[in-house]
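Notes follow the structure.
The values are calculated or read from the model by the stated rules, or taken from the named source; none is laboratory data. Every value quoted in this text rests on a predicted model; they were computed, and no experiment measured them. Glycine also receives a Cβ, built like all others from the backbone with ideal geometry; neighbour counts cover every protein chain displayed.
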2 protein chains.
Amino acid sequence: MTETAVLTIRRAREDDLSAIVAMLADDPLGAGRESPDDLTAYRPAFTRVDGDPNQHLVVAERAGRVIGTLQLTLVPGLSRKGATRVIIEAVRIHTDERGSGLGTELIQWAVERSRELGADLVQLTSDASRTDAHRFYQRLGFVPSHLGFKLKV
Amino acid sequence: MTETAVLTIRRAREDDLSAIVAMLADDPLGAGRESPDDLTAYRPAFTRVDGDPNQHLVVAERAGRVIGTLQLTLVPGLSRKGATRVIIEAVRIHTDERGSGLGTELIQWAVERSRELGADLVQLTSDASRTDAHRFYQRLGFVPSHLGFKLKV
């Protein structure tokens, strides 16, 4: 294996912001709601995420290129005998890397990291239109037991 | 309106734990996964929730009785131009109070509180079997746009 093939999953830094936002935007749903050419709104958001010990925003990097991202949120709670949950949000794989198995590696890493963080349960929601993603999560053992509701406030 | 009719929604205290866990357990799904007669596992979980500034565990109280509960979690993030989300978990209404409009009051309070906390989006998941809950959330403006996946770790 050459050095360039090594995949690193690491904490996101502020200088990854442009690559992360580009991936959020390069998506049928994200295209209409992100602004990759203007990072103004993302900078204070990055500071909030980065400064919060419950948030684990990571990037996958190979040969110096950021090719994937996701955010884990640790949520303590009372239900299920005091279970701690991890919520996964904002999973993106760079277009060039789709179908390469990187998504599987990234989610498996996230599950393992959740375990290390003390989680009993990992949960995520996926837009009803993302049927490929649904099959992907089911292959990884996730159970589509819930309906996910959203309200803009 | 007599004094006993006043509804208060307030931060949960440790001495509410028994009433909260009783409500978590008094539910078709909760019955099999909670232990209301043994609070051992819930006490450290309460401490984690209570000590975390992102968590807002509340109870609804009327005439000194705890009759409802929910937990809000504030989640900063990058997607949707740096939107902050609130996730609602562990919503329960005491059996005696179901159908009284308390659920509506509690969720409307949660949405208003989320707005005050700076949220752009409120989201929750509801087990696929809870069809009454789905209608309830839709009446309150929530859109069932997502599938919710869970994995025990």
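Quick notes on this structure:
- The set of residues in the stretch A:14-40 being within 16 Å of residue A:90 (Cα to Cα), assigned to a loop (DSSP other than H, G, I, E, B) and not acidic (Asp, Glu) consists of A:28, A:29, A:33, A:35, A:36.
- Where strands (runs of 3 or more DSSP E) sit wholly within the stretch B:52-104, those with at least 2 residues that are of a type in the set (S, T, N, Q) and under 16 Å from residue A:85 (Cα atoms) occupy B:65-75.
- The listed residue being of a type in the set (A, V, I, L, M) and either without any contact (Cβ under 8 Å) to a residue 12 or more places away in the chain or more than 28 Å from residue B:42 (Cα to Cα) (or both), out of B:153, B:59: B:153
- Scanning the stretch A:4-23 for residues that are more than 30 Å from residue B:51 (Cβ to Cβ) and either touching a Lys or Arg at 6+ places or on another chain (Cβ under 6 Å) or without any contact (Cβ under 8 Å) to a residue 24 or more places away in the chain (or both) gives A:7, A:15, A:18, A:21, A:22, A:23.
- Candidates B:121, B:117, B:140, filtered to the one that is farther than 21 Å from residue A:48 by Cβ and in contact with a strand residue (DSSP E or B) (Cβ under 8 Å, 6 or more places away or on another chain): B:140
- All positions within the stretch A:49-88 that are among the hydroxyl-bearing types (Ser, Thr, Tyr) and within 7 Å of chain B (Cβ to nearest Cβ): A:73, A:79
- Unique residue being crowded, with 19+ Cβ neighbours inside 10 Å and facing another protein chain (nearest Cβ under 7 Å) when the list is A:121, A:106, A:151: A:151
- Qualifying residue in the stretch A:27-36 (condition: at pLDDT 95 or above and more than 9 Å from every other protein chain (Cβ to nearest Cβ)): yes
- In the set (1) part of a helix (DSSP H, G or I); (2) in contact (Cβ under 8 Å) with a residue 40 or more places away in the chain, residue A:46 fails one condition alone, (2).
- Test: residue in the stretch A:134-141 that is within 7 Å of another protein chain (Cβ to nearest Cβ) and surrounded by fewer than 16 Cβ atoms within 10 Å (Cβ to Cβ): yes
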